[in-house]
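Please read the structure below before turning to the comments.
Derivation of every value follows stated rules applied to the coordinates shown; laboratory data play no part. Note that the structure is a prediction, hence the values are computed from the model and not measured. Counting neighbours? That spans all protein chains shown, and the Cβs are built from the backbone with ideal geometry, glycine included.
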Amino acid sequence: MAQASKSKTTRQAPATNRPVKEFRSSNIRAVLWLNSSDSGDWYSITISRSYKTSGGEWKETNQFNRDDLLIVSKLSELAYHFIDGLKHEVAA
């Protein structure tokens with residue numbers, strides 16, 4: 001949970017380093033991570049696409065084809081607005 005102080009707000013990442021949020025559409029997902037350092041906290045996002053190999057094994061890649069780009073764009077937009085909302089919660 002966030003703790004307010006006079007200088008800044010610091011959030012501790014869970015001990016298991018779990019994502020803050022995940023957005024998914026079809027086989028593409030955007031995962032949000034909380035990062036912390038002495039200079040403050042920030043969020044990063046990982047976007048990946050799942051696919052099944054000819055042997056039936058599931059794998060992930062960070063390469064996308066033309067048809068994936070609109071989904072990547074929309075998931076990025078959702079992530080942006082989610083992070084923006086978190087920043088407003090901390091400021092309030």
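Tabulated results
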| quantity | calculated |
| --- | --- |
| Filtered GluC sites (Glu not before Pro), region 33-92: DSSP coil and at most 10 other beta carbons within 10 Å | GLU57 |
| Segment SER37-SER25, length gained on full extension (0.36 nm per residue, minus Cα span) | 1.2 nm |
| Difference of contour (0.36 nm per residue) and Cα-Cα distance, HIS88 to ARG18 | 23.0 nm |
| In order through region 34-48: 3J(HN,Hα) via Karplus (6.51 cos²θ - 1.76 cosθ + 1.60), integer Hz, x for Gly, Pro | 8, 10, 10, 8, 4, 8, x, 9, 8, 10, 10, 10, 10, 10, 9 |
